[in-house]
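Visitor: Sharing a structure, written as structure tokens. Questions coming.
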Amino acid sequence: VGVFVQRHVPLKSFVIDDPDLKLVNEAIAVLELRVALEVAAAGLAAARREEKHLKQMRKAMTAMVAAVEAGEDAIQADLSFHRSIAEAAGNVHFLQLFNYLGELLIPRTKVETFKITGANRQDYLDRLNHEHAQILAAIEAQAAEDARMAMRTHLIGGKDRLSAGAVMAKA
């Protein structure tokens, strides 16, 4: 019958439906697993890291910052950053498990986490980059406890933000 042009498109409010809620719950479960794995890896990385690992982490950080500034998601750079930490831990099993889990480790690959948390996309990604910078600084300083704490803060913060966002969306 032809083409129709709608003058004013009403904005749809963001709603988490059941399939999305299942994805959010899955992302939260993965973050719980990551706490057990990556907090220990960060501490070991701080103690065992070599200059090649720091170069990889810095390269990933630079790529994350550039991606965020370009309006991109930075998922691959985020994965590279965390993979570099697993490698720097000096235990091949951390790296093998990390590689096995792959993109499943990053909640943003499944759900738009910034929407669920109610944050502005740019602010959300800037916050993640700040958290990554704190992890890197602790590993560079060979401060194992600080590295574990920074990683725990990063991962638990992500879990808490998703949990709070999911509760708010259900209300």
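The values are calculated or read from the model by the stated rules, or taken from the named source; none is laboratory data. Keep in mind that this is a model prediction, so the values were computed, not measured. Please note: Cβ atoms are built from the backbone with ideal geometry, for glycine as well, and neighbour counts cover all protein chains shown. Just the protein is used for accessible areas: all its heavy atoms, side chains included, with ligands, DNA and RNA removed. Shrake-Rupley method; radii C 1.70, N 1.55, O 1.52, S 1.80 Å.
Visitor: Exactly one of (1) outside any loop (DSSP other than H, G, I, E, B); (2) modelled with pLDDT of 95 or more; (3) surrounded by fewer than 20 Cβ atoms within 10 Å (Cβ to Cβ) is unmet by GLN142. Its number?
Guide: (1)
Visitor: State whether one or more residues within segment 108-125 are modelled with pLDDT of 65 or more and aromatic (Phe, Trp, Tyr).
Guide: Checked against the condition, which is being modelled with pLDDT of 65 or more and aromatic (Phe, Trp, Tyr), segment 108-125 yields at least one hit.
Visitor: Looking at (1) among the basic types (Lys, Arg); (2) more than 19 Å from ASP146 (Cβ to Cβ); (3) surrounded by 15 or more Cβ atoms within 10 Å (Cβ to Cβ), find the lone condition where ARG49 falls short.
Guide: The failed condition is (2).
Visitor: Let me ask you something else. Look at ALA63 and say whether it is more than 16 Å from ARG161 (Cα to Cα), in contact with a helix residue (DSSP H, G or I) (Cβ under 6 Å, 6 or more places away or on another chain) and modelled with pLDDT of 90 or more.
Guide: yes
Visitor: On to the next question. Within segment 69-92, take every residue that is over 15 Å from the mean Cα position of the chain (by Cα) and open to solvent by less than 50 Å² (accessible area, probe 1.4 Å) and give me the one that is modelled with the lowest pLDDT.
Guide: Of everything passing the filter in segment 69-92, GLY71 is modelled with the lowest pLDDT.
Visitor: Checking ALA47 against (1) of a type in the set (A, V, I, L, M, F, W, C); (2) in a helix (DSSP H, G or I); (3) modelled with pLDDT under 90; (4) more than 16 Å from the chain's Cα centre (by Cα), which test does it fail?
Guide: (3)
Visitor: Shifting gears a bit: Return yes or no: is VAL1 in a helix (DSSP H, G or I), out of contact with any His (no Cβ under 6 Å at 6 or more places or on another chain) and either within 20 Å of THR153 (Cβ to Cβ) or at pLDDT below 80 (or both)?
Guide: When the stated conditions are applied, VAL1 does not pass them.
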